[in-house]
Structure formats: structure tokens, C-alpha cells
1. Identify all residues within region 58-82 that are in contact with a helix residue (DSSP H, G or I) (Cβ under 9 Å, 6 or more places away or on another chain) and not in a loop (DSSP other than H, G, I, E, B); write none if there are none.
2. So which pairs qualify, if the first residue must be in region 114-133 and outside the structural domain of residue 157 (by TED's automatic domain parsing) and on the phi > 0 side of the Ramachandran plot, the second must be buried (at least 16 other Cβ atoms within 10 Å of the Cβ) and modelled with pLDDT of 85 or more, the Cβ gap must be under 7 Å, and the two must be at least 6 apart or on different chains?
3. Residue 47 is checked against (1) out of contact with any helix residue (DSSP H, G or I) (no Cβ under 8 Å at 6 or more places or on another chain); (2) closer than 21 Å to residue 139 by Cβ and fails just one. What number does that condition carry?
4. Wholly within region 1-45, which strands (runs of 3 or more DSSP E) include no fewer than the required count, namely at least 2 residues that are surrounded by 14 or more Cβ atoms within 10 Å (Cβ to Cβ) and at pLDDT below 90?
5. Picking from 94, 85, which residue would you name as being modelled with pLDDT under 85, at negative phi and part of a helix (DSSP H, G or I)?
6. Go through (1) modelled with pLDDT of 80 or more; (2) in the same structural domain as residue 40 (by TED's automatic domain parsing) for residue 99 and report which single condition fails.
7. Could you identify the single residue in 73, 54, 65 that is at pLDDT 90 or above and not assigned by TED's automatic domain parsing to the domain that holds residue 148?
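The values are calculated or read from the model by the stated rules, or taken from the named source; none is laboratory data. Just so you know, these numbers come straight off a predicted model, no measurement behind them. Heads up, the Cβs are rebuilt from the backbone with ideal geometry, glycines too, and the neighbour counts pull from every protein chain shown.
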């Protein structure tokens with residue numbers, strides 16, 4: 001059975017072969033299911049489907065519960081865990097509160113750091129060349145969600161060219 005979901009406006013399908021490959025990267029303990037595959041600089045699991053990287057926790061949620069409702073985040077009760085029972089849906093505010101309560105939003109690991117204007121321009125040049133949100137996020141020290149907002153014109157709008165502004169309408 002194929003499962004479909006959407007991340008940042010990008011729809012993806014998890015085919016049975018993807019599911020088998022995904023679970024091969026999971027080590028189950030008595031409670032947590034630890035991601036053993038590729039991880040971002042912030043320690044989150046990353047899984048590729050058709051050359052696009054997605055958060056391993058988002059894939060786990062999709063396989064267990066189906067599509068992630070638009071506008072919601074898949075949050076972790078425990079970090080680096082992809083056990084669907086340890087994941088929950090929340091708003092952006094819920095996600096930020098959760099990260100803050102776990103002291104993830106501070107210092108070098110601040111996932112809310114802001115890119116410079118020149119970095120935003122570079123991100124917008126690199127995105128169409130096939131770089132993933134995860135890889136751009138790692139490169140520029142921001143979250144994949146921020147990369148998504150930048151490339152889709154939801155943030156840093158003042159740096160969009162007139163032609164870009166027209167395509168965003």
C-alpha cells in the first residue's frame with residue numbers, strides 16, 4: 001500500500017519498497033525506535049525518497065497514521081526517536097515551545113537563526129538546482145522549514161525580484 005503525505009507543499013508517496021528501506025534504518029529498543037540512518041546537523045533523521053530528503057519522523061508518522069494535516073508539524077516526545085507512539089502533531093508554536101523546553105533553541109544549535117540577505121539570495125539560486133531543504137538548512141544553519149519559506153516566498157519577500165513576485169501570486 002502506498003501512503004501519501006505533504007511536506008512544505010511537496011507531496012510524497014511512500015511505496016512499500018521505501019517502507020522496507022526506511023524500517024531497515026530503525027533500531028527498536030523497549031520503548032524508543034532509534035534512527036540509524038543519515039542525520040542532520042541537529043541530530044534529526046533524514047530519509048530520501050526520489051532524491052528528496054524528508055524528516056525520518058515525518059515518514060514514520062505517515063507510515064503509521066497517514067497524511068500529515070496541512071500546517072501541522074510532527075513533534076518528538078524524545079529526540080532521535082521515530083517510534084510513532086512517541087510523536088505528536090502540533091502547530092509551529094507547539095513545536096517551538098517543545099524545542100525551547102528541551103533547550104534546543106540556544107547557542108550554536110539555534111534552529112531559529114536568521115540567514116543574511118546574501119545567503120537568502122544564494123538559497124534561492126541553489127534550490128532550483130536540486131538541493132534539498134535539509135541540505136540547504138545544514139549548509140546555512142537554519143531549519144528545512146525556513147528554507148521552504150524562503151524558496152516559496154513566504155519570508156524575505158523584499159528580496160524577491162519582480163518576476164519571482166509574479167510567479168508567487
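1. 59, 60, 61, 63, 64, 65, 73, 74, 75, 76, 81
2. none
3. It is condition (1) that residue 47 fails.
4. 3-7, 10-14
5. The unique qualifying residue is 94.
6. Here residue 99 meets the rest and fails (1).
7. 65
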